[in-house]
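Heads up, the thing below is written out as structure tokens.
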Amino acid sequence: MPAKQPRTPRPRTLRTVTGAGGQPGVYELALDPKRSTLDSAIRVAGLAEAAGFDALFVPDLLRFGAQGAIGAQEPLLYVAALSQVTRDIGLIATVSTTFHHPFNLARMFGTLDHLSNGRAAWNLVTSSIGEENYSADPLPSPPARYARAAETLEIVHALWDSWQPGALTLGPDGRAVLDRSLIKPIDHLGEYFSVAGPLNIPPLPQRRPVLIQAGQSEEGISLGARYAEIVFTSLPTLEIAREHTARIRSQAAALGRPDGLPLIFSSFHATYGATEEEAQRLVRERIDAIDYEQGRALLADMLGGTVDLSEAPLDQPLPQTLLPDIASINGRRGRVDIFSRYVRDGKTLRELIIAAQDTATGAKRARRTSWRTRSSSASEPAYWT
Ligand SMILES: Cc1cc2nc3c(=O)[nH]c(=O)nc-3n(C[C@H](O)[C@H](O)[C@H](O)COP(=O)(O)O)c2cc1C
């Protein structure tokens, strides 16, 4: 009887993704002895799976109080737990390459792929916060973060591939047969890491989990174009999204990647109401509640943190001379780029503050909305970064 291969890779479909949810509520649940902090996430996961969503997504925040949120539980552990109460839905965990070692990353996502029977996906980020918690202060520059990310991916891929086809088979008696000659070290020695390998867990059900990348600067675009199956973006207008997609795809094509890759996902935040009027009223109320003095500081942050907007008139465009040199930004170059573009387009300070407010609160608001389908929505620009 011929030896059997343990698994054949399952087809992978990823069209609709929703937040795993549950994270903000964990603070109340943590105080409730009768419930688990995962309860609401399990409920959301069940509803999403029943509704036919392809994947659940868990973002990450590596600092207390960042973006106004109290915090975030660890995404990989979170989706690992959800893998045990779901069957088909994909599980996307956001994990930073700036603060993790590639051998651990290969094992952790490999283990998730096994735990979930081939449903793991990695949203790779390089992070612009959290350096003080990882012995990495000051935060390395964007080129250094992205160089480390690229080296990390080369290692992780080599580790996932370090068991060649046929290394692990099922013998006629149903027992695993290991052919050690097909399990090779990777002997990586690079700028950031030295990793001998091979990987110490069996080949993954998917061989390589789905790779998503989020980060919109020049360096981020290059990383996504080279490696990502999906680029997760947060772009405020269709025009900007089209340009961004064209830039990624043309770089990918120049690297010999097939047409139409990487796929591009865009985040979407909505304000829900029982009727169109209610949704519009909620949007107006939120805009009316903006504190424009605080908004000036928030917008300054969106522009890289060094501009002084305290004296600028609210209903006039900002002078372009205020714009920072993008190369001087160590944090979120992609976001500074978008806000600089708004300034060049002649948006008034008030409009810029409204856009900044949407950016800062979009993720929180989107998580707060109830899962129940309501009848209409008014979309607004908002993005995670
Ligand atoms: C759509 C999107 C989602 C992101 N989600 C996260 C996240 O959940 N956690 C995180 O640490 N960084 C996240 N980032 C931040 C990126 O990792 C990166 O640090 C930041 O965008 C700066 O890089 P950039 O200038 O290339 O965009 C996200 C970025 C984008 C564009």
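Think of the chain as having a plus end and a minus end, set by charges on the Cβ of Lys, Arg, Asp and Glu; of L255, T98, F339, L255 sits farthest toward the positive end of this dipole. The angle separating the long axis of helix 142-160 from the principal Cα axis of greatest extent in the chain is about 20 degrees.
Can you tell me the 0 to 90 degree angle between the C-alpha axis of helix 333-344 and the longest principal axis of the chain, rounded to 10? Once rounded, the angle reads 30 degrees. Phi-derived couplings, Karplus 6.51 cos²θ - 1.76 cosθ + 1.60 at θ = phi - 60°, listed residue by residue for region 47-54: 5, 5, 5, 5, 7, x, 4, 7 Hz, with x used for Gly and Pro.
Charged side chains reduced to their Cβ positions (Lys and Arg at +1, Asp and Glu at -1) give region 204-287 a dipole of some 380 debye around its Cα centre.
In terms of other Cβ atoms within 10 Å, I354, I240 run from fewest to most in the order I240, I354. With axes computed from alpha carbons, what is the tilt in degrees of helix 276-288 against the longest principal axis of the chain, rounded to the nearest 10 within 0 to 90? Between helix and principal axis, roughly 70 degrees. For region 186-253, GluC sites (Glu not before Pro) meeting the loop criterion (DSSP other than H, G, I, E, B) and having at most 13 other Cβ atoms within 10 Å: E191. Ordering F265, Q280, I290 by the projection of their Cα atoms onto the charge dipole of the chain, which places +1 on the Cβ of Lys and Arg and -1 on the Cβ of Asp and Glu, puts F265 at the extreme positive end.
Decide, for region 17-213, between rounded, prolate and oblate: order the square roots of the alpha carbon gyration tensor eigenvalues as a ≥ b ≥ c, take rounded if a/c falls under 1.5, and otherwise choose prolate if a/b is larger than b/c, else oblate. It comes out oblate by the Cα gyration axes. Rounded to the nearest 20 debye, the dipole magnitude of the chain is 1340 debye, with +1 charges on Lys and Arg beta carbons, -1 on Asp and Glu beta carbons, and the Cα centre as origin.
The separation of region 50-112 from region 213-239, counted between C-alpha centres, amounts to 19 Å.
Rg/Rh for region 243-356 (Cα atoms only, Rh after Kirkwood) is 1.07. Here region 17-213 is assigned +1 on the Cβ of each Lys and Arg and -1 on the Cβ of each Asp and Glu. Its dipole about the Cα centre then comes out at about 340 debye. Residues whose amide H falls under 5 Å from that of G90, counting only those 5 or more places apart or on a different chain, are A55, L56, with hydrogens built in the peptide plane.
Along region 211-221 the Karplus relation, 6.51 cos²θ - 1.76 cosθ + 1.60 evaluated at θ = phi - 60°, assigns HN-Hα couplings of 10, 10, 10, 10, x, 10, 6, 3, 5, x, 4 Hz to successive residues, with x for each Gly and Pro. Near the amide H of G19, within less than 5 Å, lie the amide hydrogens of F57, all on another chain or at least 5 residues away, with H placed in the peptide plane. From the square roots a ≥ b ≥ c of the eigenvalues of the alpha-carbon gyration tensor of the chain, which class results: rounded (a/c under 1.5), prolate (a/b over b/c), or oblate? The shape class here is prolate. Excluding N104 itself, calculate the net charge of residues whose Cβ lies under 15 Å from the Cβ of N104, where each Lys or Arg counts +1 and each Asp or Glu counts -1. Every neighbour counted, the sum reads -1. Sorted ascending by nearby beta carbons within 10 Å, beginning with the fewest, H101, H188 become H101, H188.
Between amide H atoms placed 1.01 Å from N, distances below 5 Å from V231 occur with Q213, L263, I264, F265, all of them 5 or more places distant or on a separate chain.
Simple rule: put +1 on each Lys or Arg Cβ and -1 on each Asp or Glu Cβ in the chain, find the dipole, and look at P143, W163, Q213; the Cα lying farthest toward the positive end is W163. Computed from backbone phi with θ = phi - 60° and the Karplus coefficients 6.51, -1.76 and 1.60, the 3J(HN,Hα) list for region 94-107 is 8, 9, 7, 7, 6, 10, 10, 8, x, 5, 4, 4, 4, 5 Hz; x is used for glycine and proline.
Laboratory data are not the source of any read-out in this text; all were calculated from the coordinates shown. As the structure is a prediction and not an experimental result, all values here were calculated from the model. Positions of Cβ are backbone-derived with ideal geometry, glycine not excepted, and every protein chain shown enters the neighbour counts.
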